[in-house]
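Below is one structure, written out as structure tokens; comments come after it.
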Amino acid sequence: MVQKDEWLQAEGDCFPGKTYAEVVLEPAYEQAKAELLEPMLEVNKAHLLMLREQGLIRQEEAERIAAALEAVDLTKLRGGAYTGQFEDLFFQVEHELLQHAGEAAGNLHLARSRNDMGIAIYRLTLRKKLLEAIASALRLHDRLLRFAAEHTDTVMIGYTHTQQAQPTTMAHYAAAVSDSLGRDIRRLQAAYANCNRSSMGAAALTTSGFPISRERMAELLAFDGLIENAYDAVSGADYIGEIATAVQLAALNLGASCRSCCSGARRNSFLGSWNAFIWPLIVTQTETHFTIPVGVAFFSSELKDTSGWVLIMTGATVSVLPLILLFMIFQKQIVRGIALTGLK
């Protein structure tokens, strides 16, 4: 009983408990403010217009609800903190609408549910992000193609397994990156096509007995079409996985290209810097000005933090000493074994 009393004192005796509110509800509320508030109001406005067009609510009620929707203070909502008064942002917006429109605001829920509305909000939010990603990818794709056209005669060394392999051109490499990006764009476009479908009208699970127009809702929200099956509309979440996969593959492909460019830049920078010390080796007779001392001093200054070099080198030396001792002890056996394998 003592533990129960202590737990109730810390968590509270009603839903939501302190920990659940802090760990689940508050982060969800903050994310909803940032991502879902505008799409939520867009769905409300479209649904109101459809209800009025279908004659499901009177003109007077529609005008009161419309005025309430316009009166919602987005700035205030975005700037507010989670207090626990409302379970989530949806109920806070509902409270605002009831304050402005009274009982008429309840008619906004005719023939809809949190289920189909929530899915529509998520799809609207992801659709916007997908469009931004596709637009950025298309700009990069166009720039890569123009860059390739400018460098058809720029010869470079092609590497494989970190070794110089064959001569190629900068255009060849840039075109490879653009081809990979083209596949990423097509995957993003396919994900967009599956995402941009309306769930509105599915209601909780099996649509509604009211004579609504799902097609009109899809049109008002600029969806390309409907999710025909109501059960699938509110339960299917594969569109999220498809988007995540397409974005992840694009990031991996671009990351590989960026890594190649960065490693090449580092390699060329290192070689260029090191080659700058060849001349002192040729013309000077002063030992402190020879290539290696000057080079080490330069790279030490470039790396700034050299305090750990002694420990690193000491640790590396100590770590290889056992291997060296083993080789010295069993040198004959090791050499004989290598000879027997035929390795060269």
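The values are calculated or read from the model by the stated rules, or taken from the named source; none is laboratory data. Just so it is clear, the structure is predicted and the values come from calculations on it, not from any experiment. Quick reminder, even Gly has a Cβ in these numbers, built from the backbone with ideal geometry, and neighbours come from all protein chains shown. Ligands, DNA and RNA are stripped out before the accessible areas are found, and what is left, the full protein with its side chains, is counted by its heavy atoms. Shrake-Rupley method; radii C 1.70, N 1.55, O 1.52, S 1.80 Å.
Structure summary
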| item | result |
| --- | --- |
| Simple spin-label estimate for Cys261 and Thr169 in nanometres, 7 Å along Cα-Cβ | 2.0 nm |
| Solvent-accessible heavy-atom area per residue, rounded to whole Å², over segment 44-160 at 1.4 Å | 55 Å² |
| Accessible area (Å², per residue) of segment 188-257, counting only protein heavy atoms and a probe of 1.4 Å | 49 Å² |
| Percent carbon-and-sulfur accessible area, segment 47-198, ignoring ligands, DNA and RNA, probe 1.4 Å | 53 percent |
| Distance (nanometres) between label positions extended 7 Å along Cα→Cβ at Arg139 and Asp238 | 3.4 nm |
| log₁₀ of I(q)/I(0) at q = 0.13, 0.14, 0.21, 0.23 Å⁻¹ - segment 94-163, Debye sum with one point per alpha carbon | -0.68, -0.73, -0.97, -1.02 |
| Unit Cα scatterers, Debye sum, segment 22-149: log10 I(q)/I(0) for q = 0.14, 0.17, 0.18, 0.21 Å⁻¹ | -0.70, -0.92, -1.00, -1.24 |
